[in-house]
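The values are calculated or read from the model by the stated rules, or taken from the named source; none is laboratory data. A quick note: this is a predicted structure, and the numbers were derived from the prediction, not measured. FYI the Cβ positions are ideal-geometry reconstructions off the backbone, even for glycines, and counts take in every protein chain you see.
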Amino acid sequence: MKEHTTRIYDPVSDTPTSYARDPEGTHPPLDYPPYKSTALRYPKQPLIYLPQTITEITGPQLYSALGTGELDHDLTRQHEGEPIGERIKVSGRVFDTEGKPLRDTLVEIWQANAAGRYLHRWDRWPAPLDPNFSGAGRCVTDDDGGYSFVTIKPGPYPWGNHYNAWRPAHIHFSLLGRAFAQRLVTQMYFPGDPMFPYDPIFNSVPDEEARQRMVSRFSIHGSEPNWALSYQFDIYLRGPGATPFEDAP
Ligand SMILES: [Fe+2]
């Protein structure tokens, strides 16, 4: 498994002081035989270090200044009609090491519809598409590192990994920091999903506590009466409570 480093900040000067490793077992190994397609894509040659150049370390510095569309964060209002399914709010905050909130991070999500079908040409299983749901959204974190989406609870779906393989309901997340090289991808799950024990992707994260950090928390206080239930999903980029990331740096 690769080593993962963590930057520690001095609490007075707020400057980086040292590095520590993310705990062993936080991130999934690149080659995980129960998740069969990893065998096709994990690096089989030693990795080559490519020093970052101006191309990698510059990019859209202020997403809030670039602006996102008015309805980019609301997946239930991107078409003429309302999508079928259970309307939910998904919100949380993005933190760096030591619980420092990260503003101006681009948070993008993509997901299946309520029936578990993606709007994608390769998704052909016999579940209905929803003409009022595309399944993609984005927003930029505010000064408290906060983000919020309105969407439809995705359904589970089958996949070809093994006999009778089904994915637990999940929402894919991508986070993009101040540079193109700072992209992290993970999946958010829903509490109490009965398919957790059978899913090799969920279980590719070795550490049980780290796995639980991919599971959102139902919030009755965040829910809005007669409108939507709320799920909270905080994301920690590094450190002892780091969120597991696919292909973590
Ligand atoms: Fe998926």
Flagged in the stretch 98-127 as under 17 Å from the mean Cα position of the chain (by Cα) and either farther than 14 Å from Lys153 by Cβ or outside any loop (DSSP other than H, G, I, E, B) (or both), in numbering order, are Pro101, Leu102, Arg103, Asp104, Thr105, Leu106, Val107, Glu108, Ile109, Trp110, Tyr118
Matching residues in the stretch 163-179 (more than 16 Å from the ligand (Cβ to nearest atom) and closer than 21 Å to Asp31 by Cα) number 1
Residues of the stretch 93-134 being under 20 Å from Thr68 (Cβ atoms), buried (at least 18 other Cβ atoms within 10 Å of the Cβ) and among the basic types (Lys, Arg), in sequence order, are Arg93
Next item on the list: Taking Ser216 as the residue in question, decide whether it is touching a Gly at 6+ places or on another chain (Cβ under 9 Å) and either within 16 Å of the ligand (Cβ to nearest atom) or not hydroxyl-bearing (Ser, Thr, Tyr) (or both).
Entry: yes
| Of the residues that make up the stretch 36-50, is at least one at pLDDT 80 or above and in contact with a Phe, Trp or Tyr (Cβ under 6 Å, 6 or more places away or on another chain)? | yes
Being modelled with pLDDT under 90 and either within 16 Å of the ligand (Cβ to nearest atom) or not polar (S, T, N, Q) (or both) narrows Ile57, Ile84 down to just Ile57
Subset of the stretch 190-245, residues in a loop (DSSP other than H, G, I, E, B), in contact with a Leu (Cβ under 8 Å, 6 or more places away or on another chain) and among the polar types (S, T, N, Q), comes to Thr243
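To keep it simple, each residue is scored yes or no on (1) surrounded by fewer than 20 Cβ atoms within 10 Å (Cβ to Cβ); (2) closer than 22 Å to Tyr236 by Cα; (3) of a type in the set (A, V, I, L, M); (4) more than 14 Å from the ligand (Cβ to nearest atom).
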residue: Cys139; (1), (2), (3), (4): no, yes, no, yes
residue: Asn161; (1), (2), (3), (4): yes, no, no, no
residue: Ala181; (1), (2), (3), (4): yes, yes, yes, yes
residue: Asp199; (1), (2), (3), (4): no, no, no, no
Checked Arg103, Arg93, Arg121, Arg117 against criteria (among the charged types (D, E, K, R) and without any contact (Cβ under 8 Å) to a residue 12 or more places away in the chain); the one match is Arg121
Check your understanding: Would you call Trp227 over 21 Å from Thr26 (Cα atoms), within 16 Å of the ligand (Cβ to nearest atom), in contact (Cβ under 8 Å) with a residue 12 or more places away in the chain and among the aromatic types (Phe, Trp, Tyr)?
Key -> no
